[in-house]
């Protein structure tokens with residue numbers, strides 16, 4: 001088995017401790033850094049992502065594999081020509097003001113990272129102005145994701161979108177929302193660009209929003 | 001349904017932990033409370049806890065064992081609840097099992113169209129009407145989130161309960177202000193706040209956020225209820241594998257720590273504050289990423305918590321049952337709901353909620369409430385157990401009838417037939433008669449019952465004068481809501 005194949009198998013199995021050694025071995029074998037990144041590290045995550053989407057594996061398998069991938073990426077990244085390994089997109093995520101329920105948001109963040117997105121997670125109970133500030137600070141951000149679990153807090157999403165409009169930043173980001181009490185109707189009502197009912201669908205949505213943005 | 005039957009509230013025989021195992025859970029919990037502690041997002045609470053002897057570092061509070069055990073002993077071992085008319089209704093203690101609906105689902109499965117859609121004010125009223133008509137539903141709990149009133153949904157949920165049902169309640173509120181609004185409405189009906197404290201009508205539902213966070217809103221509510229002398233619960237909902245450890249024992253220890261933190265906050269605020277102990281522990285399905293809500297693990301973990309509360313801490317306990325992860329009131333819903341209701345009753349949890357909770361809490365099903373009402377009736381009958389008093393041994397009957405006779409004409413058969421459980425929802429007809437009646441499934445009959453109650457049932461309304469006062473409070477709250485929504 002080539003070291004590259006071995007590395008891919010190792011990432012897919014989530015063997016975090018062996019990834020560093022195998023990544024180095026794959027490079028030493030003469031593989032180009034970009035090939036190691038794509039074939040040895042990203043590809044197994046894509047395979048797992050698809051399996052997860054089909055309900056064939058459990059989320060921890062995907063998450064532990066992602067951890068393994070990141071270890072390898074740390075080694076390969078400095079060797080890459082800049083621009084060769086750009087993220088699939090950059091996103092800011094937050095559970096909105098007043099809401100302390102962020103497990104759903106965390107899952108979306110983890111799955112997005114597994115799908116190659118760079119994500120800035122602002123945590124929970126995040127005020128509109130803090131979200132505006134984060135967009136201002138990150139010139140290259142593509143997507144804002146917001147979550148709420150309560151009917152009493154979901155309107156903070158609307159407040160946040162209004163604050164973003166007031167700051168003149170609405171065209172900078174695509175906005176996606178999620179959480180138990182919200183739906184597509186609510187998303188349209190508050191002027192969000194998309195809604196997803198669960199974490200795997202949120203990844204699909206983020207990819208779709210990236211395509212729209214890059215048009 | 002046999003209304004003459006003497007209702008029974010106690011069962012026994014279901015247990016998931018031995019006494020030694022409970023002690024072990026307690027010991028591990030003391031370690032976690034002392035070493036990990038919780039983040040308490042409320043300044044005044046942290047000050048009170050520090051004064052009481054807790055170690056406080058920024059927002060983190062570490063609870064030493066002596067304070068934990070002091071608080072456990074400070075809380076009363078029972079809570080008495082009285083109905084809307086002031087009559088004694090629930091003795092929340094020991095192994096007494098009471099069942100209620102719940103809780104605050106955003107969607108409803110429309111009984112007329114079958115559609116899964118957002119709840120509105122009309123649903124809120126209809127759900128109370130249906131649950132009020134169920135003889136084995138002992139108390140009300142917020143059912144439909146009222147989408148017409150996003151900021152004051154909980155007040156509207158409460159107003160419907162108190163306007164259209166006389167049953168005691170478990171209440172969810174958004175924050176301190178909405179809690180005060182609810183207390184005001186209940187005080188109007190009781191006559192005064194003092195009378196409400198003397199005869200509590202409801203228990204307030206509060207929850208920490210797992211893992212290990214006491215949010216500001218939840219702490220405010222606990223402290224307010226404790227100060228006022230009204231009962232409160234603080235039920236964590238860790239999801240195994242996501243917001244709690246994957247193992248049952250691990251999540252029980254975490255939930256115990258989180259719940260006890262709420263208890264300590266209540267008792268530090270006012271020693272003797274009435275507190276309902278318990279948790280909903282439910283494993284997350286790691287494929288769909290949804291809480292399971294009625295998995296075998298969920299039942300064991302959550303009922304083990306009520307066991308610990310009763311056996312080790314001598315506290316009144318919270319419970320869950322009659323809920324499902326199914327998308328509608330189908331076979332899976334009945335299977336999950338029935339098993340949980342039965343086990344919860346026999347394990348001796350006190351205030352068992354969530355009957356009708358469908359789609360792991362995202363939708364309410366009135367049909368499930370109606371069918372689970374039947375299950376609770378059966379469980380109550382099982383609580384009766386075998387009557388062994390002399391005339392129930394039926395020695396005379398057997399001697400009289402002897403071989404080849406029958407018992408249909410015996411006087412005892414006439415009299416004691418009334419003991420037997422009977423349902424007007426179940427079908428016990430022979431096949432042809434069942435077919436002649438329409439050949440319906442239980443689900444179809446439940447749906448017909450729901451529609452009949454909604455269309456033809458009489459509302460169990462408050463006297464007009466009191467009702468007008470509740471409506472006036474609601475109007476005031478709505479006006480304030482409109483101001484903030486501008």
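The spacing between region A:34-89 and region B:81-125, judged by their C-alpha centroids, is 47 Å. For chain A, taking Cα atoms only, Rg and Dmax work out to 18.5, 58 Å respectively. Panel note: the C-alpha atoms of region B:199-278, placed on their principal axes, show extents of 40, 22, 19 Å (largest first). Net length available on complete extension from residue B:14 to residue B:382 is 131.2 nm, with 0.36 nm assigned per residue and the Cα-Cα distance removed. The packing ranking of peptides A:153-161, A:51-59, highest mean first, is A:153-161, A:51-59, where packing means the average number of other beta carbon atoms within 10 angstrom of each residue. The mean number of Cβ atoms from other chains found within 10 Å of a Cβ in peptide B:307-316 is 0, as a whole number. The DSSP beta bridges internal to chain B are antiparallel in roughly 40% of cases.
Our summary gives region A:3-79 a relative contact order of 44 percent, counting only alpha carbon pairs under 8 angstrom and 6 or more residues apart. Ranked by the mean number of other Cβ atoms within 10 Å of their residues, highest first, the peptides B:345-352, B:175-182, A:36-43 come out as B:345-352, A:36-43, B:175-182. Remark: relative contact order (chain A) = 17 percent; criterion is Cα-Cα distance under 8 angstrom and separation of 6 or more residues. Could you check the simple spin-label distance between residue A:138 and residue B:392, using points 7 Å along Cα→Cβ, in nm with one decimal? Using points 7 Å along Cα→Cβ, the separation is 6.7 nm.
Here the residues B:364, B:26, ranked from fewest to most Cβ neighbours within 10 Å of their Cβ, fall in the order B:26, B:364. Report, in degrees rounded to the nearest 10, the 0 to 90 angle that the Cα long axis of helix B:176-190 makes with the longest principal axis of chain B. Value to nearest ten degrees: 50. Annotation for residue A:64 and residue A:77: the two label points, set 7 Å from Cα along the Cα-Cβ direction, are 2.4 nm apart.
Each helix, a run of at least 4 DSSP H residues, gives -39500 (n - 2.57); summed and divided by the residues of chain B, these come to -14500 deg cm²/dmol at 222 nm.
The slack in the chain from residue B:270 to residue B:110, taken as 0.36 nm per residue of separation less the alpha-carbon distance, amounts to 53.2 nm.
Length gained on full extension, residue B:458 to residue B:23, computed as 0.36 nm times the residue gap minus the Cα-Cα distance: 151.6 nm.
For chain B, the relative contact order comes to 20 percent (Cα pairs under 8 Å, sequence separation of at least 6). With respect to chain B, whose longest principal axis is taken over its alpha-carbon atoms, helix B:296-307 is tilted by about 70°. What angle, in degrees between 0 and 90 and rounded to the nearest 10, separates the Cα long axis of helix B:442-456 from the longest principal axis of the Cα atoms of chain B? It is inclined by approximately 70 degrees. Peptide A:149-160 has a mean shielding of 4, counted as Cβ atoms of other protein chains within 10 Å of each residue's Cβ. Sorting B:327-337, B:262-272, B:84-94 by their mean Cβ neighbour count within 10 Å, with the most densely packed peptide first, gives B:262-272, B:327-337, B:84-94. Would you calculate the separation in nanometres between label points at residue B:193 and residue B:424, each defined as 7 Å from the Cα along the Cα-to-beta-carbon direction? Between residue B:193 and residue B:424, the label points sit 4.4 nm apart.
The ranking of A:132, B:14 from fewest to most other beta carbons within 10 Å of each one's beta carbon is B:14, A:132.
Roughly how many whole Å is it from the C-alpha centroid of region B:27-67 to that of region B:147-169? Computed from Cα coordinates, the inter-centre distance equals 35 Å. Could you compute the FRET efficiency for residue B:69 and residue B:288, with r as their C-beta to C-beta distance and R0 at 41 Å, rounded to 0.05? Calculated value: 0.50.
Annotation for region B:320-368 versus region B:212-230: alpha-carbon center distance of 28 Å.
Each value in this text was obtained by applying a stated rule to the coordinates, not by laboratory testing. Just so it is clear, the structure is predicted and the values come from calculations on it, not from any experiment. Using ideal geometry, Cβ is built from the backbone for each residue, glycine included, and neighbour counts are taken over all protein chains shown.
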